[in-house]
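The values are calculated or read from the model by the stated rules, or taken from the named source; none is laboratory data. The shown structure was predicted, so the numbers you read here are calculated from the model rather than taken from an experiment. Quick reminder, even Gly has a Cβ in these numbers, built from the backbone with ideal geometry, and neighbours come from all protein chains shown. Heads up: the accessible areas ignore ligands, DNA and RNA and are worked out on the full protein's heavy atoms, side chains in. Shrake-Rupley method; radii C 1.70, N 1.55, O 1.52, S 1.80 Å.
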Amino acid sequence: MCGIIGFIGRDKCIPKIIHGLEALEYRGYDSAGIAYFKDGKIETIKEEGKIANLKKLLNFNEDAYNGIGHTRWATHGEANKTNAHPHTVGKFTIVHNGIIENYSELKNELINKGYKFKSATDTEVACATFDDIYKEEKDILKTLHIASQKFRGSYAFGILCSDDTSTLYAMRNTSPLIVASAAYGNFIASDVPAILEFTNKYILLDDYEIAKIESDKITVYDKDLQVINKKINTFAGTFAAAAKNGYEHFMLKEIHEQDKVFSDTINFYFDGTIDSLEKNFSFLKKFSKIDIVACGSAYHTGLVGKSLIEEYANTPVNVEVASEYRYKKCFYDKNTLVILVSQSGETADTLAALRKAKEDGITTMAIVNVIGSSIAREAEHVIYIKAGCEIAVATTKAYLAQLAIFSLLAIYLGYQNKCIKEDELAKIFTDLEKMPKLIKDTIANYESYFNIADKIYQNKQIFFIGRGIDYALSMEGSLKLKEISYINSVAYQAGELKHGTISLIEKNTPVIAIATDKNLIEKTISNIKEVKARGAYVIYVSNEEPKEDFYDEFIKITKIHPLLESILTIIPLQLLAYKVAKNNKCDIDKPRNLAKSVTVE
Ligand code: G6P
């Protein structure tokens, strides 16, 4: 989703801004632009499509030392040059991430005052709002402060005012924004990867804060426009993750990192003893109900989590999509734990669901990858997955790490609730140790999944079926496939297909059938036979060798304790989706229309 970068300092700003924009590319975008002071005037250059198009229009050697850049993911108005950021109205030039929800109201007021608009964006309206207030106030900080009270919705802004060539301004509400400092100047950015090449020292802006950034000074104001001291954070890692290390795509690289991600995540909370789980998760004991709330793949991990926690810990779990949960009547109470799952920790709907639960006095816990992200900061309890920086828009290693956490939670709660006995616990712990190698072996078997992908990639639609936990995995397998290959794919509960959708099955329609739950395998096989009888090309994914001939392809999953098995089962589905997309020559790491971090609702 939209990315913001800005730089002011003693070095030339254009190369730094472009580098930052490239580091933000993974978030997803459809146009890019830059604005900077040159000889006391603001110059703006923007272009539709990739940053490469913008680069062709730039002079990297320009004597410019204060500027802002933006990658836009269209929300209001189509993806074209006019709607691309930065926008300028009067004395203000801005870049924006978020949505100003009352923009049409503000726009009408501004039109009545004589403002004219070129674009269809809410951002241009925000820019005109700044200009209009400034005419009256003649003070930039006061202007930003008053505007922040007028805007409804979410925003992170990078702001230049032509009356102040030596300052860059920034402010935020809900959408993420950081301010970072280096020896030769200061940055603003949507997230840490954008500035890691230059510095690892940064400040997280909180809602309604305004930053005044000069070449050698950063001043942050709170919502009452009082100067405040902000903590300077140091990012521990490097951005080495941003290199493909010989892999053709980030997605493939990230799939191959999953054994390490699993170990890093598990080892952070578990040292081989139940005591370590007790130390990290004892706060979970007091809850008798759980709501898991998330979006996209994180929602799918929640579905697997539900299956595991209900089955092994006997605790009822309700899983909801965050964009629904935030507006619905919730039946939670003081015995409910609301778990928010988010790789980025910035997804607007998940953040809103978290805030709603908090406002209602409900305990919240977040499972997050990005340290210091909004959801991580605001949730009462945080469990970090240790996936490292994930660049491919389609998540793989973060999804797997989230599954690992749900397995640990189910083990701990199952033991606490006396559903898992000592001997079973010992078996699970032994299997946990085997997992990194099994994950590695499953990935190493990629050629067999690729061969299957080569047979199905030209199909117009591909179905996934499964029951129980296998249905939850089917949903993720199907999402992975459609998001990167653009092939229509739907996941169904295996028993449900015959109630309508089976009419779509034709000769050779691929149906990927997942059956790992021993209690349901026979039932799923009956459903597979129903589609096979109608000509489906069946790819059977199971931990049991099939005894009858009801399939065309077989993917064997290594048998392990069912609490851990979904972690292995998802891997062939990721690799299958990858190869189908590759054969179709799709932009695997940056699928069309998608964003990595969805900071608007
Ligand atoms: C976007 C991404 C998905 C992700 C979802 C939730 O749609 O493309 O890969 O699962 O957002 O993101 P989160 O950062 O909250 O896990």
For the chain, with only Lys/Arg (+1) and Asp/Glu (-1) charged at the beta-carbon, what is the dipole magnitude about the Cα centre, in debye rounded to 20?
520
Measure off, as a whole percent, the carbon and sulfur share of the 1.4 Å-probe accessible area of the chain, all protein chains present.
48
Rounded to the nearest 20 Debye, what is the dipole magnitude of the range 2-238 about its Cα centre when Lys and Arg each give +1 and Asp and Glu each give -1 at the C-beta?
200
Spelling it out for D589: with amide H atoms placed in the peptide plane at 1.01 Å from N, the residues 5 or more places away or on another chain with amide H under 5 Å from its amide H are none
I need the phi-derived Karplus couplings for the range 189-197: 6.51 cos²θ - 1.76 cosθ + 1.60, θ = phi - 60°, integer Hz, Gly and Pro marked x.
6, 5, 8, 4, x, 5, 10, 4, 5
Using a simple charge model, +1 on the beta-carbon of Lys and Arg, -1 on the beta-carbon of Asp and Glu, nothing else, what dipole does the range 243-444 show about its Cα centre, in debye to the nearest 20?
300
Zone residues, the range 544-560, relative to K437, backbone N less than 18 Å from point 7 Å out along Cα-to-Cβ
557-560
Whole-Hz Karplus ³J(HN,Hα) for the range 246-254, in order, using 6.51 cos²θ - 1.76 cosθ + 1.60 and θ = phi - 60°, x for Gly and Pro?
x, 6, 5, 9, 4, 4, 5, 4, 5
Cut-off under 5 Å, modelled amide H: who pairs with S31 long-range:
G49, R72
Is the shape of the range 2-238 best called rounded, prolate or oblate, per the rule: a/c under 1.5 gives rounded, else a/b larger than b/c gives prolate, else oblate, with a ≥ b ≥ c the square roots of the Cα gyration tensor eigenvalues?
rounded
At 222 nm, what value in deg cm²/dmol follows for the chain if DSSP H runs of at least 4 each add -39500 (n - 2.57) and the sum is divided by all its residues, to the nearest 500?
-11500 deg cm²/dmol
Virtual spin-label span in nm between N519 and K547, 7 Å along Cα→Cβ
2.1
Suppose R0 equals 22 Å. What FRET efficiency, 1/(1 + (r/R0)^6) with r the Cβ-Cβ distance, do K455 and E78 give to the nearest 0.05?
0.05
Report the extension gain between N245 and K328 in nm, rounded to one decimal, defined as 0.36 nm multiplied by the number of residues separating them, less their alpha carbon distance.
25.4 nm
Per 0.36 nm of contour for each residue apart, how much would the distance between S503 and I111 grow if the chain were fully extended, relative to their Cα-Cα spacing?
135.8 nm
For the range 1-93, which GluC sites (Glu not before Pro) are in a loop by DSSP, counting at most 13 other Cβ atoms within 10 Å?
E78
Under a cut-off of 19 Å between alpha-carbon atoms, report the aspartates and glutamates in cross-link reach of K329, not counting same-chain residues fewer than 8 places apart.
D291, E320, D349, E359, D360, E601
From the square roots a ≥ b ≥ c of the eigenvalues of the alpha-carbon gyration tensor of the range 131-196, which class results: rounded (a/c under 1.5), prolate (a/b over b/c), or oblate?
oblate
Can you give me the long-range amide H partners of N318? Hydrogens built in the peptide plane at 1.01 Å from N, cutoff under 5 Å, separation of 5 or more residues or another chain.
I290, D291, I292
Looks like the range 379-454, by Cα gyration tensor root eigenvalues a ≥ b ≥ c and the a/c under 1.5 rounded cutoff (else prolate when a/b is bigger than b/c, oblate otherwise), is oblate
